[in-house]
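Right, one structure below, let's go through it.
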Amino acid sequence: MSVTYLEAIRAAQEKALTDDPRVFIYGQDVGAFGGAFKATKNLAAEFPGRVMDAPLSEDAIVGLAVGAAIEGARPIVEMQFADFSTVGFNQIVNQAATLYYRTEVPCPIVVRLPSGGTLGAGPFHSQSMEAVYAHYPGLVVMTPATVEDAYSMMLEAVAIDDPVIFCEHKLLYYHLKADKLPDSAQPVGKARIARAGRDATVVTYSAMLHESLQAAEDLVEDGWQIEVIDLRTVKPLDTDTILASVARTGRLLVVGEAWPWGGVNAEVISRVATEGFGLLDAAPMRLNARDTPVPYHPDLWAAHRPTASAIAARLRQLLTQ
Amino acid sequence: MVMAVKEKMVVRTDLDSALLVRAYRVMLLARATEDKLASLYRAGMIKGGVFLGKGQEALSTASSIFLQKGDIFGPLIRDQAGRLAFGDTVLDTFRTYLGSVKGPMRGRDGNIHRGRPREGYYAMISHLGALVPVVAGGLYARRLRGETGVVGVTSIGDGGTSTGAFHEGINLAAVEHLPLVVVIANNQYAYSTPNSRQFACADLLDKAAGYGIAGFKCDGTNPVACLETLQLAVQAAREGNGPQMVVATLLRLVGHGEHDDAGYVDAALRQANVGRDCLEVGATQLIGSDLASGEEIAVWTKEAQAQVEAALNIAQREKGPDPAEEDWRAISTERLVDGHHDLEDE
Ligand SMILES: Cc1ncc(C[n+]2csc(CCOP(=O)(O)OP(=O)(O)O)c2C)c(N)n1
Ligand SMILES: [Mg+2]
């Protein structure tokens, strides 16, 4: 039996509903329909009254979750696409994210964001919003790249007393498979060395992990051993694991699917430059999507985001510097 | 302010017969275009989703057919017909779905996310409700420029009425007394979500009174009723009576998108009046009023299909954008482009 990334997210929500009566799910079409991507399939029938279709009102959906959290509930809200969370942005960054700091009352909500580009999805069904949310104090931002992490991090997201932005990548939903769900997990906030190497470090997360692993594989025939780090959560950012890797390899490439200006990549490079400048044998490099909306046409899209071949080419530059 | 709630279900009409025929032929063309889009989707020739307006052609056509050059139209998901009635073409429709560089969106955006803003044809974003204040803004600017008699029409679904942008946009338009017509296609569902989980008012039209604007109601499956209602609403807006709300009841006769079998739709609704096909109703009306014969309608249908084939032939031969030639810049002020693209050299 194998389980997909999407099924893992569904299974984790099912377990959270089973284990904790405070948990409920609220979002557009999440009820009998099981969600636009089927991440809540059958859950409405299994847990009557706890998995509810919401009106088309993201602002109110997140606001409802915050109010319920104040009263001790553990809501999971689904945005139909990450892109639509902009409509609930105020409630996320000003209400949920400031509550604990202002009142000492924590805000244990999970906002699920089906994120990232897919073929033909265009400007409004493709966005990667982790950096935007990470910018605001008061939020934990998760970006699982594996089936195991999708499962265990979703469970942790519900258990954590603070608001969690759960960025799940749509490109991984159906293709990414594991043999079974994990029984244990690395702690949230710790990065993982997805592939060990000695010549350069690639720091990445979410779907770009798989492009980066492919690039690392492509460089084997040239004799290069690339270390690939999966951040898992972008906030908190596990600077120690990154610095320890750069100390071994001396070279750093950071890869992300989001836009370049002020993002996760910029933050990683900034930390390595300020805290580990002496570890670097070459200037650090980065790859992001281009600084335009995500284009619709498949050819434009392929040139808009980093791909394994673009990563491999950039690594070759880095290694010969 | 007058509250004009009108119920128009009659087949006898004062509408110009040429207009009735023109509207029906637009509906036929939209249906033929969308049937073709559905088959292209099934053949894997369109990347991304396909979202059709089957069953909503009468309302959509009526939404824009009374607009003139200089007016503003902000269509939404199910408005293939209204788009054509406003001057969009079948060719540009296919160009946008296929990502042709010659289309208005040049492969940068696709499917229903198309428009030509300079021609008053606004290009929707996906975020529902967002267009209401934007069309209001277009009208506001026209008024500032001293233009009179301009009308803006935008449409939305039952689901979209639950957005903050819808509420804020209409309220603002009412405060500003703008000539905005908001056409609400109450097709009973927002994706899978039934009206019972969407709003608690007895009738969406009740909202008009809350905003202090005029409201009209019509049967969205009845082309004559849609045309009569929209004619009144557009005229009222044009004459300076402020925002107008039109609520039409109907059913979408396809899935939310072509990936969706719409199994959640109540079978009783499909059998009810609301589930009628407006093209069939329209044919009955034309034949019943001696404006066309069944044979003529069959010929028009063939002509529409031929027009669709011809347009598709052209669009299919056109190139998509070349990433190497693409101007990767998202602002118009060239000297202010940030210019940082990690991927530039690849
Ligand atoms: C702000 C926002 N949230 C969610 C969505 C995703 N979405 C696209 S269409 C749709 C249902 C729309 O229903 P309705 O407004 O009734 O229009 P219909 O599809 O029935 O024509 C949803 C939820 C969206 N486009 N915008
Ligand atoms: Mg609807």
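Some observations on this one:
- Residues that are in a helix (DSSP H, G or I) and surrounded by fewer than 21 Cβ atoms within 10 Å (Cβ to Cβ) occur in the range B:237-248; there is at least one.
- Every residue from the range A:62-82 that is within 10 Å of chain B (Cβ to nearest Cβ) and either in a helix (DSSP H, G or I) or more than 9 Å from ligand 1 (Cβ to nearest atom) (or both): none
- Number of the condition not met by B:PHE166 [criteria: (1) open to solvent by 10 Å² or more (accessible area, probe 1.4 Å); (2) farther than 18 Å from B:GLY53 by Cβ; (3) within 15 Å of ligand 1 (Cβ to nearest atom)]: (1)
- Condition check for A:VAL234: open to solvent by less than 20 Å² (accessible area, probe 1.4 Å), touching a residue at least 60 places away in the same chain (Cβ under 8 Å), of a type in the set (Val, Ile, Thr) and under 30 Å from B:ILE125 (Cα atoms): yes
- Screening the range B:310-333 for residues that are touching a residue at least 12 places away in the same chain (Cβ under 8 Å) and either of a type in the set (Phe, Trp, Tyr) or assigned to a helix (DSSP H, G or I) (or both) and picking the one that is farthest from B:MET45 (Cα to Cα) gives B:TRP328.
- Among the residues listed as B:GLY110, B:GLY103, B:GLY129, the single one being within 30 Å of A:LEU119 (Cα to Cα) and within 16 Å of ligand 2 (Cβ to nearest atom): B:GLY129
- When the range A:102-123 is limited to residues that are within 17 Å of A:GLY67 (Cα to Cα) and outside any strand (DSSP E or B), the one that is farthest from the other protein chains (Cβ to nearest Cβ) turns out to be A:GLU104.
- Here A:GLU168 meets each of (1) open to solvent by less than 60 Å² (accessible area, probe 1.4 Å); (2) not assigned by TED's automatic domain parsing to the domain that holds A:TYR100 with one exception, condition (2).
- Criterion: closer than 21 Å to B:GLY159 by Cα, away from ligand 2 (no atom under 16 Å from the Cβ), at pLDDT 95 or above and more than 14 Å from chain A (Cβ to nearest Cβ) - qualifying residue of B:GLY55, B:GLY82, B:GLY87, B:GLY74: B:GLY74
- If you filter the range A:83-96 down to residues that are open to solvent by less than 10 Å² (accessible area, probe 1.4 Å) and more than 11 Å from every other protein chain (Cβ to nearest Cβ), you find that the one that is nearest to B:HIS127 (Cα to Cα) is A:ILE92.
- Some residue of the range B:252-269 being more than 16 Å from ligand 1 (Cβ to nearest atom) and either in contact with a Leu (Cβ under 9 Å, 6 or more places away or on another chain) or not small (Gly, Ala, Ser) (or both): no
- The number of residues in the range B:115-129 that are crowded, with 22+ Cβ neighbours inside 10 Å and within 13 Å of another protein chain (Cβ to nearest Cβ) comes to 3.
- Counted residues, the range A:272-321 - those being within 7 Å of chain B (Cβ to nearest Cβ), assigned to a loop (DSSP other than H, G, I, E, B) and over 15 Å from A:VAL203 (Cβ atoms): 7
- Of all residues assigned to the range A:150-165, at least one qualifies as being more than 16 Å from ligand 1 (Cβ to nearest atom) and within 15 Å of A:VAL264 (Cα to Cα).
The values are calculated or read from the model by the stated rules, or taken from the named source; none is laboratory data. Source: prediction; values computed, not measured. When we count neighbours, we look across all protein chains shown, and the Cβ atoms used for this are built from the backbone with ideal geometry, even at glycine. Heads up: the accessible areas ignore ligands, DNA and RNA and are worked out on the full protein's heavy atoms, side chains in. Shrake-Rupley method; radii C 1.70, N 1.55, O 1.52, S 1.80 Å.
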